[in-house]
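As structure tokens, the structure follows; a few thoughts come after it.
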Amino acid sequence: MEFQLPSLPISLSILLVLIVVVRRLFSSRPEHPGPRFPSPSALPFVGSLHHLVGKLPHHALRDLARKHGNVMRIRLGQVDQIIVSSREGAQQVLKVQDANFAFRPEFTAAKIIAYGASDVAFSNGEYWRQLRKICVMELLGAKRVKSFMSLRKEQVARLMSDVNGAAAAGEPVNLGERLNELTNSVVAQASFGRRCPQQKKFMETIKEVIKMASGFSVGDLFPSLKVIDVLTGFTTKLVRYHGKLDAILDATIKEHQTNRIQGEEEDLIDVLLRLKDEGNLEVPITFDNIKAVVIDMLAGGTETTANTIEWAMSELMLRPRTLERAQKEVRDAMKDKGYIEETDVPQFNYLHQVVKETLRLHPPIPILFPRVAQETTEVLGYTIPAGSRLLINVWALGRDSRYWEDSESFKPERFEEGVNKEFKGNDFEFLPFGAGRRMCAGMAFGLTTLELALSQLLFHFDWAFPKGVKAEDIDMSENFGATASRKINLLLVPSLRYPTL
Ligand code: HEM
């Protein structure tokens with residue numbers, strides 16, 4: 001049979017159909033009505049990843065938002081992310097449309113480490129709703145936080161005693177390291193008391209996991225190339241760490257089952273085991289779920305709190321008058337008593353302002369954990385299709401001159417009494433703990449430890465830079481990691497002013 005060319009009108013029709021099909025397939029026209037998202041330039045395959053190379057993600061995304069707008073779309077690898085960088089946008093996502101955006105996407109590390117992402121931070125749906133309720137009512141509510149008062153007292157006293165030792169020897173203290181030890185011990189003891197057979201190994205492994213999880217998994221950015229995570233050993237390493245954590249947590253739970261504690265003295269594992277055994281939960285929880293929640297507490301509650309104290313001390317050291325005012329407040333109030341208890345802390349107004357200002361400039365989680373839109377919706381006129389991933393750059397909001405005067409300067413006075421700006425999730429330019437349904441579940445826990453430790457560091461000691469170091473030598477840059485910690489730990493020389501207990 002001979003092949004014949006189609007007639008001209010038929011050829012034209014075929015060509016037209018082809019053009020329509022190809023344009024449909026490759027059209028960059030949005031599927032949904034509304035203006036097109038502004039986006040930074042993209043390269044084949046890697047998308048806009050090159051804009052982030054060599055920079056901290058929250059810095060790079062702030063710079064891009066300045067060029068492209070408050071709501072922009074950026075393709076990182078094979079995944080589109082919508083970046084929100086304005087107060088109005090954050091309010092839309094975290095308040096007006098909170099229910100639609102209260103979902104987290106999948107992450108390789110969370111799936112492997114947290115028992116199929118069954119922790120608080122990365123689970124979803126009914127199961128997550130129940131965990132949040134347990135957090136509020138049982139694990140991290142005001143009553144439970146108060147019940148850990150004596151363990152905080154003991155751990156902060158240990159820190160003061162170590163600092164005192166350094167003061168006596170005239171040696172510098174590595175505040176970053178010591179503060180991490182403090183917050184680790186507080187959260188670990190709240191979670192499992194002294195009943196974790198290998199607490200040191202557990203904490204070391206958690207640290208490694210956090211380090212790994214803060215990098216990008218190839219599979220998360222390039223879902224079609226998940227196999228690379230296996231080939232590079234990323235997945236295997238996570239599985240190995242998970243195995244180590246699992247063995248220690250198994251032994252810890254067994255220990256708790258053998259020696260059950262109830263009432264005031266319960267730690268978080270006791271509470272979770274009790275809830276499991278009572279059998280009144282709508283979604284029954286398993287041992288694995290309990291382990292996932294404990295991992296969350298340690299991963300979410302230690303670096304965040306320690307970093308904030310370290311940044312506060314760093315900023316104060318660069319501003320002697322501000323440091324003096326903060327010290328005067330606690331010393332005037334407590335010099336007769338000679339020491340500070342947790343119940344004294346609420347009266348330190350200037351200290352609260354210092355903490356607020358630190359969290360404005362140095363939110364430990366600079367970009368809120370990612371959200372996924374459940375249904376197609378609109379934010380500030382842009383259509384957000386269902387399934388879109390969305391990030392809120394709270395670091396950028398805290399330094400935005402549209403909302404803050406002299407926005408890059410550390411000025412606790414900006415929160416002077418009468419200025420009604422809080423980080424409780426209602427002021428959308430100030431979101432160090434996030435807002436809405438997925439707001440930090442451990443805010444009260446974190447703040448109580450951090451304000452107690454900071455007030456005592458300021459009360460008991462005077463502080464100086466190590467010999468030969470001047471204020472202008474202090475590197476205030478941040479590390480790339482799960483939290484925005486200092487790149488270089490803060491080393492300071494203490495001298496005793498009021499004896500420690
Ligand atoms: C200064 C201390 C802390 C800061 C600044 C902080 C900040 C945050 C932020 C920004 C989020 C994400 C919120 C969002 O996605 O909208 C978060 C989530 C979370 N935080 Fe904290 N956090 C701190 C301390 C703690 C502590 C001490 C704990 C527990 C012991 C804790 C447990 C959690 C949990 C479980 C979540 C996940 C909430 C969810 O997805 O439902 N945090 N935190």
Index of the failed condition, Lys328 passing every other in (1) of a type outside the set (Val, Ile, Thr); (2) farther than 22 Å from Arg152 by Cβ; (3) in contact (Cβ under 8 Å) with a residue 12 or more places away in the chain: (3)
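Regarding region 178-201, can at least one residue be identified that is more than 21 Å from Leu298 (Cβ to Cβ) and more than 25 Å from the chain's Cα centre (by Cα)?
There is no residue in region 178-201 that is more than 21 Å from Leu298 (Cβ to Cβ) and more than 25 Å from the chain's Cα centre (by Cα).
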Any hit, region 96-117, residues being part of a loop (DSSP other than H, G, I, E, B), modelled with pLDDT of 95 or more and under 15 Å from Tyr382 (Cα atoms): yes
Candidate set: region 332-372, residues that are within 22 Å of Pro38 (Cβ to Cβ) and of a type in the set (Val, Ile, Thr); chosen: the one surrounded by the fewest Cβ atoms within 10 Å (Cβ to Cβ): Val372
Residue satisfying condition, being open to solvent by 20 Å² or more (accessible area, probe 1.4 Å) and not in a loop (DSSP other than H, G, I, E, B), within set Glu375, Glu329: Glu329
Count of residues meeting criterion [part of a helix (DSSP H, G or I) and open to solvent by 10 Å² or more (accessible area, probe 1.4 Å)] in region 135-144: 6
Qualifying position, being closer than 30 Å to Glu264 by Cβ, open to solvent by 20 Å² or more (accessible area, probe 1.4 Å) and touching a Lys or Arg at 6+ places or on another chain (Cβ under 8 Å), among Tyr115, Tyr127: Tyr115
Candidate set: region 215-238, residues that are loosely packed, with under 14 Cβ neighbours inside 10 Å and small (Gly, Ala, Ser); chosen: the one modelled with the highest pLDDT: Gly233
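Yes/no per residue for (1) within 12 Å of the ligand (Cβ to nearest atom); (2) of a type in the set (Phe, Trp, Tyr); (3) in contact with a Gly (Cβ under 8 Å, 6 or more places away or on another chain):
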position: Ser388; (1), (2), (3): no, no, no
position: Arg402; (1), (2), (3): no, no, no
position: Phe410; (1), (2), (3): no, yes, no
position: Arg414; (1), (2), (3): no, no, no
position: Pro432; (1), (2), (3): yes, no, yes
position: Phe445; (1), (2), (3): yes, yes, yes
position: Leu452; (1), (2), (3): no, no, no
position: Gly481; (1), (2), (3): no, no, no
position: Pro499; (1), (2), (3): no, no, yes
Boolean, Ile290 is of a type in the set (Val, Ile, Thr), surrounded by 16 or more Cβ atoms within 10 Å (Cβ to Cβ), in contact with a helix residue (DSSP H, G or I) (Cβ under 8 Å, 6 or more places away or on another chain) and farther than 26 Å from Leu361 by Cβ: yes
So Asp267, is it in contact with a helix residue (DSSP H, G or I) (Cβ under 7 Å, 6 or more places away or on another chain), among the charged types (D, E, K, R) and either away from the ligand (no atom under 16 Å from the Cβ) or closer than 30 Å to Pro363 by Cβ (or both): yes
Some residue of region 486-499 being over 30 Å from Thr343 (Cα atoms), outside any loop (DSSP other than H, G, I, E, B) and of a type outside the set (D, E, K, R): no
Residue check for Asn307: more than 9 Å from the ligand (Cβ to nearest atom) and within 21 Å of Val209 (Cα to Cα): no
Index of the failed condition, Asp475 passing every other in (1) within 11 Å of Ser314 (Cα to Cα); (2) in contact (Cβ under 8 Å) with a residue 40 or more places away in the chain: (2)
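The values are calculated or read from the model by the stated rules, or taken from the named source; none is laboratory data. Just so it is clear, the model here is predicted, and its values are computed rather than measured. We place every Cβ from the backbone using ideal geometry, glycine too, and count neighbours over all the protein chains shown. Areas reflect the complete protein model, heavy atoms only, side chains present, ligands, DNA and RNA absent. Shrake-Rupley method; radii C 1.70, N 1.55, O 1.52, S 1.80 Å.
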